[in-house]
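The values are calculated or read from the model by the stated rules, or taken from the named source; none is laboratory data. Nothing here was measured: the structure is a model prediction, and the numbers come from that model. Here the Cβ positions follow ideal geometry from the backbone for every residue, glycine too, while neighbour counts run over all protein chains shown.
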Ligand code: GDP
């Protein structure tokens, strides 16, 4: 394979920058541009060593650097690798990158280092995919579930499930060659037991995606209410706290705004809606339709009402909209004389989750957080032991595999010949191989790694 190079640190000015190189010619190329203070032959330099010196071009010093050496197969990619620690300026790093290219390296594609780690068999596909999850993590929980996947927790589970299947397949093969080995009844029993166990474990994995999705994408939360109910005040209350605001996607003022926040370790993806109201303004209408759509798509709706005024027609419209949804009702402006009662039947028909707040005085916000924690009890997920599917690709494959388990079960029930049942069983194996990457097309591999950043 060619020798690849890339700037691995984020663009911009920083204390140091790292240029990463991997491939057969790595040491040859580094040797051409790096003049260490203590010169040694590459044979004398051990892996995991750092050497101090200068990057030089035409006898002129380009930068003072540290170069770390990783010798195949003990490196990230299992190939010879070097990392050049430079001063963290764009100009210097580009210059050194150019020198590497001039001396025979090729520019790495996004994720190519990790792709090589996968192709060279150091990690499987689920582990490679976890690398991108760790880098993109928006909360500690998400990072931790990524680390668990990198450690191979999911791979191990898949491997164990595959082994259950393989054990039975081997027996079937033996029985075909030596019919006296097992009676068909024994075989059918064995297959049926295996399908039961495999089905159960796959179902557990499939179900874990409910929480996995929340950990990865956040709970999609829509704040809705009529104009002046206090939506933006509430949003400010939440966002101005010390809780980490991780991402900030700003749309136009009439569009929706999305923000990630952590509430007691639960990631919420807040969607600020443009407000729900009767409107004659065309542009505004689009905003409202969008609000209704957002409310429909949301995992959680926080409906806010101005409790200093009786329920209006608009409020009743909103109540209609949120019926049968996962919802928290906030009675706002409780610092003023109250016109809406917490026990109002119209509200309690919708939900018992009714909380009094004053967005102006920041009162009752903690109660809201407690309620959210209760409703989405992620603390119950034990990230150390529970295997969590967070990746939609894995989820789809597991659902497929489950379908094949059911097909095999049905075939068994109607006494289909064993070799037909075997076809379904082999399909399950093939599905599982797609997760770990043994049987996966190049297109899918390329698609997965194209989402990586440069230098990883
Ligand atoms: P939005 O249109 O739903 O986003 O409502 P705003 O957050 O802009 O609030 C509308 C008005 O109500 C503003 O003048 C706020 O200062 C006021 N307001 C919001 N929350 C409270 C509250 O808890 N108590 C009182 N007294 N006024 C509030």
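Key figures
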quantity: Of the criteria (1) at pLDDT 75 or above; (2) assigned to a helix (DSSP H, G or I); (3) farther than 30 Å from residue 410 by Cα, which one residue 289 fails; calculated: (1)
quantity: Some residue of the range 367-382 being surrounded by 15 or more Cβ atoms within 10 Å (Cβ to Cβ), part of a loop (DSSP other than H, G, I, E, B), in contact with a helix residue (DSSP H, G or I) (Cβ under 6 Å, 6 or more places away or on another chain) and touching a residue at least 60 places away in the same chain (Cβ under 8 Å); calculated: yes
quantity: Residue check, residue 132 in the same structural domain as residue 43 (by TED's automatic domain parsing), in contact (Cβ under 8 Å) with a residue 60 or more places away in the chain and surrounded by 20 or more Cβ atoms within 10 Å (Cβ to Cβ); calculated: no
quantity: Residue count, the range 209-225 (criterion: crowded, with 22+ Cβ neighbours inside 10 Å and either within 16 Å of the ligand (Cβ to nearest atom) or part of a helix (DSSP H, G or I) (or both)); calculated: 9
quantity: Test: residue in the range 187-206 that is more than 16 Å from the ligand (Cβ to nearest atom), closer than 30 Å to residue 154 by Cβ and not in a helix (DSSP H, G or I); calculated: no
quantity: Which numbered condition residue 298 fails, given (1) buried (at least 17 other Cβ atoms within 10 Å of the Cβ); (2) over 21 Å from residue 219 (Cα atoms); calculated: (2)
quantity: Subset of the range 343-365 (residues that are away from the ligand (no atom under 15 Å from the Cβ), in a loop (DSSP other than H, G, I, E, B) and farther than 15 Å from residue 223 by Cα); calculated: 343, 344, 349, 350, 351, 352
quantity: Selected residue [over 24 Å from residue 135 (Cβ atoms) and surrounded by fewer than 17 Cβ atoms within 10 Å (Cβ to Cβ)] from 94, 49; calculated: 49
quantity: Within the range 427-456, tally of residues that are over 14 Å from residue 397 (Cα atoms) and in a helix (DSSP H, G or I); calculated: 8
quantity: Count of the range 126-170 residues which are farther than 30 Å from residue 190 by Cβ and assigned to a helix (DSSP H, G or I); calculated: 22
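Okay, residues lined up against (1) closer than 15 Å to residue 304 by Cα; (2) at pLDDT 90 or above:
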{"residue": "333", "(1), (2)": "yes, yes"}
{"residue": "345", "(1), (2)": "no, yes"}
{"residue": "368", "(1), (2)": "yes, yes"}
{"residue": "380", "(1), (2)": "no, no"}
